[in-house]
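*Asks:* Structure provided below as structure tokens; questions to follow.
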């Protein structure tokens, strides 16, 4: 497998991970998440789900940039 195919696979995996991470954050905002560390009146932007969603989004953007460079 060459570098370009590897980057395509990386983009697909990170894209799906980003969608899932933002879905989990949506569940926190909608108060449907029972496994998160956010209390009833706390800020959802301080949750682990938001941190993960931002991390996956930045990783996905970097992978897209790497694919453009190839």
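Since every read-out is calculated from the coordinates, none of them should be taken as a lab result. Given the structure is predicted, the values throughout are model-derived calculations rather than measurements.
*Asks:* For the chain, modelled as a Gaussian network with Cα springs under 10 Å, which listed residue fluctuates most, 18, 35, 51?
*Replies:* Looking only at 18, 35, 51, the largest GNM fluctuation is found for 35.
*Asks:* Could you give the semi-axes, largest first, of the ellipsoid that matches the chain, computed as the square roots of 5 times the alpha carbon gyration tensor eigenvalues and rounded to whole Å?
*Replies:* Three semi-axes, in Å: 31, 10, 7.
*Asks:* For Cα pairs less than 8 Å apart in space and 6+ apart in sequence, what is the mean separation divided by the residue count of region 3-69, i.e. the relative contact order in percent?
*Replies:* 44
*Asks:* So what is the calculated 222 nm ellipticity per residue for the chain, using -39500 (n - 2.57) for each DSSP H run with n of 4 or more, over all residues, to the nearest 500 deg cm²/dmol?
*Replies:* After summing the helix terms and dividing by residue count, I get -24500 deg cm²/dmol.
*Asks:* Quick check: residue separation of residue 43 and residue 8 times 0.36 nm, minus the Cα distance between them. What number comes out in nm?
*Replies:* 9.0 nm
*Asks:* Stretch residue 64-residue 51 to full length: gain in nm at 0.36 nm per residue minus the Cα-Cα span?
*Replies:* 2.7 nm
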